[in-house]
Structure formats: C-alpha cells, structure tokens
Amino acid sequence: MLLWLVVTGAATGAGYFWTRGFVRRRLRFVNAVQKPVAPVIAGVAAAALAAGPVALLPVVGVGTAILFGAGVAAGVASGRREPPPSP
C-alpha cells in the first residue's frame, strides 16, 4: 500500500513539474496552449497513454494513470499562467 502511494505521488508530481516547465520554456509562444481546453486535452492524452502499458505493472494501476493525467493538466494550466523564466 505504501509503495503504491509513493509511486502514485511521484508520477503525479513528475507529470506536474515536468509539464509546467515544458510549457513555460517551449510553448510560451504557441497560441493553442492559451485556449481553455488545452489542459483538459493534455491531461486526457497523458492519462490514456499512461493507462496502456503502465497499468500492466502490479503496483501501478489505472488510478495512478488518472492522477498522472491530472498532474499533467494542472502543469499545463500552471505553466501557461506564469511568466516565462528570465534568460
């Protein structure tokens, strides 16, 4: 049970922080990221991709994939609101 919580927390946190940084660095000038539906699309796509092969592992399940997608969606939403990093 504790291992499942650690893996789920790590996947959610990694999805959030990596996506936020990617949106801030690489997608700051892309107009599609500024649309309100962008975080939803990114989150659903990430959850769908993670649910396939990752759900076959015994400690990782569909819930982990869903929380990973939620982390990605939150990362996109947070990354597009923040100002880009200074050079």
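So the values come out like this:
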| quantity | calculated |
| --- | --- |
| Filter pass, R20 being in a helix (DSSP H, G or I), more than 22 Å from L3 (Cβ to Cβ) and among the charged types (D, E, K, R) | yes |
| Residue selected from the range 37-56 under the condition exposed (fewer than 13 other Cβ atoms within 10 Å of the Cβ) and among the small types (G, A, S), by the criterion nearest to A73 (Cα to Cα) | A48 |
| Unmet requirement for V23, which otherwise passes all of (1) surrounded by fewer than 16 Cβ atoms within 10 Å (Cβ to Cβ); (2) of a type in the set (A, V, I, L, M); (3) in contact with a Lys or Arg (Cβ under 8 Å, 6 or more places away or on another chain) | (1) |
| Tally of residues being touching a helix residue (DSSP H, G or I) at 6+ places or on another chain (Cβ under 7 Å) and over 12 Å from V72 (Cα atoms) across the range 5-36 | 7 |
| Check on A32, part of a helix (DSSP H, G or I) and within 21 Å of M1 (Cα to Cα) | no |
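Conditions tested, residue by residue: (1) surrounded by fewer than 20 Cβ atoms within 10 Å (Cβ to Cβ); (2) at pLDDT 90 or above; (3) aromatic (F, W, Y).
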| site | (1), (2), (3) |
| --- | --- |
| G13 | yes, yes, no |
| F29 | yes, no, yes |
| G63 | yes, no, no |
| G71 | no, yes, no |
| G75 | no, yes, no |
| R81 | yes, no, no |
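The values are calculated or read from the model by the stated rules, or taken from the named source; none is laboratory data. Source: prediction; values computed, not measured. Here Cβ is always computed from backbone atoms with ideal geometry, including for glycine, and neighbour counts include all displayed protein chains.
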